[in-house]
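Engineer: Quick one: structure below, then a few questions.
The values are calculated or read from the model by the stated rules, or taken from the named source; none is laboratory data. Source: prediction; values computed, not measured. Heads up, the Cβs are rebuilt from the backbone with ideal geometry, glycines too, and the neighbour counts pull from every protein chain shown. Heads up: the accessible areas ignore ligands, DNA and RNA and are worked out on the full protein's heavy atoms, side chains in. Shrake-Rupley method; radii C 1.70, N 1.55, O 1.52, S 1.80 Å.
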Amino acid sequence: MTNAPSSRPSLPWGMFGAGAAAVAACAVCCAGPLLAVLGGAGAVSAIGTLWVPALAVPAVAAVIGILILRRRRRAVACRTAPARTDLGMPTLGPPSGKDTRATSG
């Protein structure tokens, strides 16, 4: 028998390993915040099933938080710079102060 070349292309194992490492890094990085958000939503829903008016507390807290953030952003957006800024404008005359044009004479 002869060793004929395979008709199937070989898998790019380096790319597969890099992709697996990227997926693992993403899972490690995002796991904590995702679990915190899901845990918070679960806690609020558990409290809401026991006592429905308790759902008003996070709703009011969210509205107050949005209003505070909007007020802070407006206050920051309207501030002027505390000091003068040099724009680096070019000078109109020659740099050495002498006239570099050729004079006829």
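Engineer: Take the conditions hydrophobic (A, V, I, L, M, F, W, C) and surrounded by 10 or more Cβ atoms within 10 Å (Cβ to Cβ) and apply them to Leu50. Does it pass?
Structural biologist: No.
Engineer: Go through the stretch 61-94 and count every residue that is at pLDDT below 70, open to solvent by 100 Å² or more (accessible area, probe 1.4 Å) and of a type in the set (A, V, I, L, M, F, W, C).
Structural biologist: 1
Engineer: Suppose we filter the stretch 13-40 for residues that are closer than 22 Å to Pro58 by Cα and open to solvent by less than 60 Å² (accessible area, probe 1.4 Å); how many remain?
Structural biologist: 3
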